[in-house]
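*Asks:* Structure provided below as structure tokens; questions to follow.
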Amino acid sequence: MNLSDLQFLLKKYKISPNYLRGQNFLIDDTVLDQILAQAKVKKNELILEVGPGLGALTQRLLNLQAQVAAFEVDKSLEKPLLQLAGLNDKLELHWQDILSLTDGQWQDIMLLHQAKAYKVVANIPYYLTAKIIGKFILAKNQPESMTFLVQREVAERVVLHKQKHSLLSLSVAFYGQAVLGEIVNKNSFYPVPKVDSAILHIKDLHVWDYQADEVFVWQLIHRGMVAKRKKLFNNLLSDPKIEKQRLADIFIKLQLDQNSRAEDLSTNDWIDLAKNLSSR
Ligand code: SAM
């Protein structure tokens with residue numbers, strides 16, 4: 001899909017891009033190729049696409065003969081998408097907010113497709129990036145991989161994080177492996193967004209398999225990050241069950257600097273911290 005194809009569709013169906021829904025449509029075939037190369041989509045594979053929009057990526061997935069279950073929240077895109085679905089029996093449209101998709105509903109869709117696995121491939125609305133990634137990481141049935149087009153800064157923070165973790169980069173690191181794909185110029189979209197994008201591929205997804213309680217580790221992380229500018233040590237002391245001297249001893253034992261911030265800790269540091277705090 002190029003700019004004139006897109007403008008033709010927008011005009012034909014009297015659609016104007018909705019900023020509130022993060023509608024920056026892809027108009028660059030090279031980028032579509034790059035997304036598909038990262039996702040390694042195979043014939044008959046089940047693909048969950050978030051936000052098909054006017055179908056640029058959807059069409060390419062269908063060209064590869066994948067089975068596509070696409071979730072779109074904006075009903076004003078119904079006509080062009082129904083047109084596409086009318087031509088391809090491998091496209092199934094769900095007019096639904098992706099965040100409301102339940103594990104059970106997805107299970108039923110997989111059964112219907114007789115699929116044992118699936119991949120998520122999408123050019124997602126930027127403001128939902130963390131929520132969408134978090135949703136699939138924690139899904140009962142995790143995808144084989146996820147390939148997203150996201151803001152460049154977010155992709156770089158997740159993959160490179162330069163020893164500074166965010167909640168999102170920790171979530172990805174705990175449950176999978178992130179790979180930074182190509183950087184995508186903002187002119188590859190219409191309307192042109194403010195910033196460049198990048199392809200973020202998350203693979204090797206797995207359930208929690210660490211030697212510390214999952215819930216406790218996340219409680220610690222949330223407590224540690226609640227006031228990001230404050231020292232981790234002080235943030236953790238907001239839990240009345242954590243004694244100052246004991247925490248100081250654990251920091252020494254783990255060679256953690258008392259002046260460090262929560263963002264400085266690696267996944268291993270959080271596991272060690274949780275293990276030490278929960279053992280008496
Ligand atoms: N896939 C198209 C493309 O690449 O040109 C459109 C991508 S556009 C960045 C994001 C799409 O996600 C829009 O079509 C928008 O309506 C849809 N969307 C926004 N919020 C959504 C949600 N919560 N659930 C499902 N789709 C959503």
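The values are calculated or read from the model by the stated rules, or taken from the named source; none is laboratory data. Everything quoted here is computed from the prediction, not taken from an experiment. As a convention, Cβ positions derive from the backbone with ideal geometry for all residues, glycine included, and neighbour counts pool all protein chains shown. Just so you know, the surface numbers come from the protein's heavy atoms only, side chains and all, with ligands and any DNA or RNA stripped out. Shrake-Rupley method; radii C 1.70, N 1.55, O 1.52, S 1.80 Å.
*Asks:* Would you mind counting up the charge near residue 237? Only other residues with Cβ under 12 Å from its Cβ, with Lys and Arg at +1 and Asp and Glu at -1.
*Replies:* +4
*Asks:* Let me ask something else about it. Gain in length, residue 115 to residue 43, computed as 0.36 nm per residue apart minus the alpha-carbon separation, to one decimal in nm?
*Replies:* Taking 0.36 nm per residue and subtracting the Cα distance, the gain is 24.7 nm.
*Asks:* Which whole-Hz ³J(HN,Hα) couplings does region 239-252 yield from phi under the Karplus relation 6.51 cos²θ - 1.76 cosθ + 1.60, θ = phi - 60°, glycine and proline marked x?
*Replies:* Karplus-based 3J(HN,Hα) across region 239-252 equals 8, x, 7, 9, 8, 4, 5, 5, 5, 4, 4, 5, 4, 5 Hz.
*Asks:* I've got another one for you. Provide the per-residue ³J(HN,Hα) series for region 95-105, in order, calculated from phi with Karplus coefficients 6.51, -1.76, 1.60 and θ = phi - 60°, each as a whole number of Hz, with x at glycine and proline positions.
*Replies:* Result, ordered by residue: 8, 7, 5, 4, 5, 8, 5, 9, 4, x, 5 Hz.
*Asks:* Between residue 18 and residues 5 or more places away or on another chain, which pairs have amide H atoms under 5 Å apart, with H built 1.01 Å from N, and which residues are they?
*Replies:* Answer set, sorted by chain and number: 23.
*Asks:* Please say if region 3-203 is rounded, prolate or oblate, where rounded means a/c under 1.5 for a ≥ b ≥ c the square roots of the C-alpha gyration tensor eigenvalues, and otherwise the choice is prolate for a/b larger than b/c and oblate otherwise? Write down the numbers at each step before the final one.
*Replies:* Numbers: a/c = 1.63, a/b = 1.13, b/c = 1.44.
Judged from the Cα gyration tensor, region 3-203 comes out oblate (a/c at least 1.5, b/c at or above a/b).
*Asks:* Now a separate question. Please report the carbon-and-sulfur percent of the accessible area for the chain; probe 1.4 Å, protein heavy atoms only, DNA, RNA and ligands left out.
*Replies:* In the chain, the share of accessible area belonging to carbon and sulfur is 50 percent.
*Asks:* Follow-up question, since we're still on this one. Under 9 Å from the Cβ of residue 212, count the other residues' Cβ atoms, weight Lys and Arg +1, Asp and Glu -1, and hand me the total. Can you show the working numbers first?
*Replies:* Details: positive: 275; negative: 213, 214, 272.
Around residue 212, the charge tally is -2.
*Asks:* Here's another thing I want to ask about it. Which sequence of 158, 73, 207 reflects their accessible areas, 1.4 Å probe, from the largest down? Each step should come with its number before you reach the end.
*Replies:* Working: 158 10, 73 60, 207 100 Å².
I get 207, 73, 158, largest accessible area first.
*Asks:* While we're here: Would you mind checking which residues have amide H under 5 Å from residue 189's amide H? H placed 1.01 Å from N; only 5 or more apart, or other chain.
*Replies:* Here 27 satisfy the definition.
*Asks:* How would you classify region 22-71 from its alpha-carbon gyration tensor, with a ≥ b ≥ c the square roots of the eigenvalues: rounded for a/c under 1.5, else prolate if a/b is greater than b/c, otherwise oblate? Could the numbers behind the result be given before it?
*Replies:* Numbers: a/c = 2.02, a/b = 1.26, b/c = 1.61.
Oblate, because a/c is 1.5 or more while a/b does not exceed b/c.
*Asks:* Can you list residues whose amide H is under 5 Å from residue 184's amide H, if they're 5+ apart or on another chain and H is modeled 1.01 Å from N?
*Replies:* For residue 184, whose amide H was placed from the backbone, the distant partners under 5 Å are 197, 198, 199.
*Asks:* Any idea of the accessible area per residue across region 23-99, 1.4 Å probe, to the nearest Å²?
*Replies:* 41
*Asks:* Related question: I need the phi-derived Karplus couplings for region 216-224: 6.51 cos²θ - 1.76 cosθ + 1.60, θ = phi - 60°, integer Hz, Gly and Pro marked x.
*Replies:* Using θ = phi - 60°, the values come out as 5, 4, 5, 4, 4, 4, 5, 5, x Hz.
*Asks:* Cut-off under 24 Å on the C-alpha distance; same-chain residues fewer than 8 positions from residue 116 excluded. Which lysines are left, in chain and number order?
*Replies:* In chain and number order, the partners are 40, 42, 43, 90, 135, 140, 203.
*Asks:* Now for a separate question. Summing Lys, Arg as +1 and Asp, Glu as -1, what charge do residues with Cβ under 10 Å from the Cβ of residue 13 carry, residue 13 excluded?
*Replies:* Neighbour charge sum, excluding residue 13 itself: +3.
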